[in-house]
1. Out of A:Ile444, A:Ile374, I need the residue that is in a strand (DSSP E or B), in contact with a Lys or Arg (Cβ under 9 Å, 6 or more places away or on another chain) and not aromatic (Phe, Trp, Tyr). Which one?
2. Are there any pairs, at least 6 apart or on different chains, whose C-beta atoms fall under 6 Å, with the first in the range A:176-188 and not assigned by TED's automatic domain parsing to the domain that holds A:Pro294 and the second among the hydroxyl-bearing types (Ser, Thr, Tyr), and if so, which?
3. Please go through the range A:239-262 and pick out each residue that is crowded, with 16+ Cβ neighbours inside 10 Å and within 20 Å of A:Ala12 (Cβ to Cβ).
4. Within the range A:18-37, is there a residue that is within 23 Å of the chain's Cα centre (by Cα), part of a loop (DSSP other than H, G, I, E, B), acidic (Asp, Glu) and at the interface with chain B (Cβ under 10 Å from one of its Cβ atoms)?
5. Please state which one of A:Lys8, A:Lys84 is touching a helix residue (DSSP H, G or I) at 6+ places or on another chain (Cβ under 6 Å), surrounded by fewer than 23 Cβ atoms within 10 Å (Cβ to Cβ), of a type in the set (Lys, Arg) and more than 7 Å from chain B (Cβ to nearest Cβ).
6. Go through the range A:206-216 and give me each residue that's free of Cβ contacts under 8 Å to residues at least 40 places away in the same chain and not acidic (Asp, Glu).
7. Report those strands (runs of 3 or more DSSP E) wholly inside the range A:138-231 carrying at least 1 residues which are within 21 Å of B:Phe104 (Cα to Cα) and more than 9 Å from chain B (Cβ to nearest Cβ).
8. Just to be sure before I move on: is A:Leu163 buried (at least 19 other Cβ atoms within 10 Å of the Cβ) and touching a Lys or Arg at 6+ places or on another chain (Cβ under 8 Å) in the structure I sent?
Amino acid sequence: MPQSLFEKVWAAHTVRRLADGQTQLLVGTHLIHEVTSPQAFGMLRDLGLKVLMPHRTFATVDHIVPTDQFSEPFADPMADAMIKELRRNCAEFGITFFDRATGKQGIVHIVGPEQGITQPGMTIACGDSHTSTHGAFGAIAFGIGTTQIRDVLATQTMALGALKVRRINVRGRLRPGVYAKDVILHIIRTLGVNGGTGFAYEYGGEVFDRFSMEERMTVCNMSIEGGARAGYVNPDETTFAYLKGRPYAPKGAAWDRAVDRWRAVASDPGCRYDDVVELDAADIAPTVTWGINPGQGLSITENIPDPAKAGAADEKAAIEEALAHMKLRAGAPIKGTRIDVAFLGSCTNGRLSDFQEVARHLKGRRVARGVKAIAVPGSQGVALLCEELGIDKVFRDSGFEWRAAGCSMCLAMNPDKLVGDQLCASSSNRNFKGRQGSPTGRTILMSPLMVAAAAVSGHVADAREVFELPL
Amino acid sequence: MPLAKITQVSGRGVYVAGNDLDTDRIIPARYLKCITFDGLGEFLFIDARRNPDGTDRRHALNDPRFKGAAILLSGANFGCGSSREHAPQAIQKAGFRAVVAEGFAEIFFGNSTAIGLPCLVASREDIASIAAAIDADPGLELTIDIAAGEILLGGRKFKAATRAAARDALVNGRWDPIGELLEGVGQVSGLAQTMEYLRQ
């Protein structure tokens, strides 16, 4: 019987069925970071347990690292305690740690693929909801909580119920100025922020066939914002070409065997899906959010929703709450909304191609007066490549601050925070109230090029107009 | 150590209105800077409860009538957003022993169950009825019968179900899976040997 990739990977990693009907699932690759792991190591010690497979466990530090200071100790004593705790835990249990001195540090979802650790057919877990990013390689990757991190550390397994699979086809070709970020914002807007509950999303169709690995990662990254715990793309030649030669990719004869296995793990033609959604690339425009969850999006040419025109009472209340927080006017165009901060980075859009694409258009332009613009590469590896290509210089010359690698202002656990009710044009993944470090701070999610367009305009703008893209 | 069988939760309730109450609202990221979960309860819903100048805002959790409540009621898609276990930990550390909502985000649901914090799904109408009843009389005691999937309030009964796997785990004292997972560890290395990427 033809099977989906999800079914194949799930079956291959099933240890046994547990008493309550869940599956004991083998986790092939476990990624950890400083925020959600320390308590798990504490629990492990309390139980007198060891890490079962330290060679399949990889650590990095991302959430709390300052992006404008390399020296330690960090000014924030709690942040300093967290990095030290991770160092201690990795040393004690024999876990590879891509620490800041290695030159390989960065956001965990950027480091895994960059190092070639993330591969097709794997099960991957990490105490971070954006772990779905790794699905871009045809892996089944789950964000987990701290108790589950303990489970994976101790047993290399976790208890989980199988997901249903929804195939999302995006047909046709994206128009100029429309990016992977717009595709996922469009999907979430269409299916809702909880539309994916109980599902893994399998993304496919011409748009995904043509996408680079980095574009696939951007889409898979935000699966969880649509409620889907995992999201993936079937592996293909693009996947293999990306992985070849990376430090943890198989070599020699092992490479050939791996590629054979990876081909075989892709969903079989004619396999059964629990649901299929068809979308047309031509319907997708540069998309921005106007509210306080990633499903509250609209195309740059649309107007902000009016609660008076809402159907259900629920929808009306949701719009009112969002507009009150965002301080936006019902029915007004989103275009032209003044911004205070522009943030380019995060596990969603902090990769080489994101900076490359922006630099191509930003050259010779200036960030508008009064806008604080920061560019934060997702990893030390990305930073180095950008610096080798002179991309950092384009950003600096235009008035962006060029920072060191980390999660930065996506969730503001480091010193990069909004102040008061500042409005941020952001390439990150969440526009929740308070997400960027100030309880009254405001976030508008958009693609990296749209962030650059807003930065140079001083307000939310259509990148196609600002950078004179062919329409 | 055998786990407690969580068959029933009784206590007073508090209703925190809203849909899509995300993990950043339950516990903002700046309070995740910790290496233990102790003390998180204090920061539950902090940005909705406190003004930037430190004064209290109007919020059900600031209302002295609901102090000491053990059951948290809310709207749809509760706990959406991040995988931070800090969210259910903050709820539990604030003294809550169950959450009743119209629906839960998946990772939050799993994280809560694994720490013995039952999450039950009730209809919007029933949650509204319960919220109205406790608002009128905050001293009312609710009893959640987890096996039966019911909330008892005065003489009234409301449906409040959880997933079968979570229900069985809670009532049989298997909600923390570590014991069972450790029993299966003997089979793990054998299975790992069947996959080249897991061979050492």
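The values are calculated or read from the model by the stated rules, or taken from the named source; none is laboratory data. Quick caveat, the model's predicted, so the values are computed rather than measured. Backbone-built Cβ (ideal geometry, glycine too); neighbour counts: all protein chains shown.
1. Every option except A:Ile374 fails the conditions.
2. From the range A:176-188, the pairs are A:Tyr179/A:Ser447; A:Ala180/A:Thr218; A:Lys181/A:Thr218; A:Lys181/A:Ser447; A:Asp182/A:Thr287; A:Asp182/A:Ser447; A:Leu185/A:Thr287; A:His186/A:Thr287.
3. Matches in the range A:239-262: A:Thr239, A:Phe240, A:Leu243, A:Tyr248, A:Ala249, A:Pro250, A:Ala258, A:Val259, A:Arg261, A:Trp262.
4. Scanning the range A:18-37 turns up at least one residue that is within 23 Å of the chain's Cα centre (by Cα), part of a loop (DSSP other than H, G, I, E, B), acidic (Asp, Glu) and at the interface with chain B (Cβ under 10 Å from one of its Cβ atoms).
5. That would be A:Lys8, the only listed residue that is touching a helix residue (DSSP H, G or I) at 6+ places or on another chain (Cβ under 6 Å), surrounded by fewer than 23 Cβ atoms within 10 Å (Cβ to Cβ), of a type in the set (Lys, Arg) and more than 7 Å from chain B (Cβ to nearest Cβ).
6. A:Phe208, A:Arg210, A:Phe211
7. The qualifying strands (runs of 3 or more DSSP E) are A:140-143, A:164-171, A:199-204.
8. yes
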